[in-house]
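Asker: Provided herewith is a single structure, encoded as C-alpha cells, for subsequent inquiry.
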Amino acid sequence: MDADHIFIFTDDNGKIADELVKFGLKEGSNRIHVGQGTANRKFYFDNFFLEILWVHNENEIKSETVKPTGLWQRADFKTSKFSPFGLCIVNTNETDQFFENAFKYQPDYFPQGLTIDILKNENQPRLPWTFRLPFKGQKKNINEPTKHKNGISLLTKTTFEYQEKIEATFLNFFEREKNIEFKKSDRTWLNLTFDNGKQGLTTEFGTLKLTIHY
C-alpha cells in the first residue's frame with residue numbers, strides 16, 4: 001500500500017505551514033472543503049502530498065453529514081487526545097479488503113455517488129484517521145510544484161508512532177508493507193523519509209508532531 005497524501009490538523013488556521021516554506025518547500029494549491037468545514041495548505045512531491053488542515057467552519061464540521069465521520073475529534077486533537085493525522089491510501093484493488101467495512105462518507109464537494117471510505121479508528125484514537133478516495137490509482141498533479149529548494153522529491157517511508165496497545169486487525173495489513181510502518185512509542189508522531197534519506201539530514205517540526213528525514 002502507498003500513501004496518496006497525509007493531512008495534519010492544526011489549530012492556528014494553517015499558519016504553521018509557513019515553517020515548511022522556510023524549511024525549503026514550495027507551496028502548492030489550497031482549497032476550502034465546502035460543506036465539510038475545513039481548509040488546507042498543501043505541499044506536493046513526486047509521489048505524494050502533505051496537507052496542513054484546519055477548521056474553517058465549525059458548524060459544518062459538526063453538521064449531521066460530517067460529524068459521523070469522526071473528523072471533528074481529529075480537529076479537536078488537543079482536547080480529544082485523538083491523533084491529528086489522516087492517512088489517505090492510494091485506491092487499488094489490493095486495498096479492497098482493508099476497507100471492506102469502511103464508513104462511507106459523501107462529501108458535499110464530490111458529485112453524488114462518489115464516496116470516501118473511512119476507517120475512523122475511533123476506538124484506537126492514537127491511530128490516524130485512515131481513508132481512501134473513490135478514484136483508482138494515484139492522481140498525477142501535473143500543475144502543482146514539486147521542485148523544492150531543499151532538494152527533496154520522493155517519499156520513500158512513512159512511520160506513524162503510536163502510544164497505546166493497538167488491536168492486530170488494523171496493524172496486520174501493514175506487516176509486510178515497506179513504505180508505511182506503525183511503531184509503538186511514547187508519543188503520537190509522524191516520520192516522513194524522502195529519497196531514502198540520501199542527504200543524511202533531519203528536521204523536526206514539534207508543533208506538527210512531524211520529523212522529516214531527507
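The values are calculated or read from the model by the stated rules, or taken from the named source; none is laboratory data. All figures in this text were calculated on a predicted structure; none of them were measured in a lab. Note: ideal-geometry Cβ built from the backbone for every residue, glycine included; neighbour counts use all protein chains shown.
Asker: Can you name the residue in region 97-115 that is in contact (Cβ under 8 Å) with a residue 24 or more places away in the chain and not in a loop (DSSP other than H, G, I, E, B) and, of all such residues, is surrounded by the fewest Cβ atoms within 10 Å (Cβ to Cβ)?
Answerer: Per the stated criteria, the residue is 103.
Asker: Another question about this same structure. For the condition among the hydrophobic types (A, V, I, L, M, F, W, C), outside any loop (DSSP other than H, G, I, E, B), over 26 Å from residue 19 (Cα atoms) and under 14 Å from the mean Cα position of the chain (by Cα), what is the one hit in 131, 160, 170?
Answerer: After applying the criteria, what remains is 131.
Asker: Could you run through region 140-178 and say how many residues are closer than 30 Å to residue 122 by Cβ, in contact with a Leu (Cβ under 8 Å, 6 or more places away or on another chain) and not hydrophobic (A, V, I, L, M, F, W, C)?
Answerer: 5
Asker: Another one. Pull out all pairs, ordered by first then second residue, where Cβ-Cβ is under 9 Å, the residues are six or more apart or on different chains, the first lies in region 56-72 and is modelled with pLDDT of 95 or more, and the second is among the small types (Gly, Ala, Ser) and assigned to a helix (DSSP H, G or I).
Answerer: Hits for this filter: 58/75; 61/75; 72/80.
Asker: Keeping to region 75-96, report how many residues are in a loop (DSSP other than H, G, I, E, B) and either at pLDDT 95 or above or in contact with a strand residue (DSSP E or B) (Cβ under 9 Å, 6 or more places away or on another chain) (or both).
Answerer: The qualifying residues number 7.
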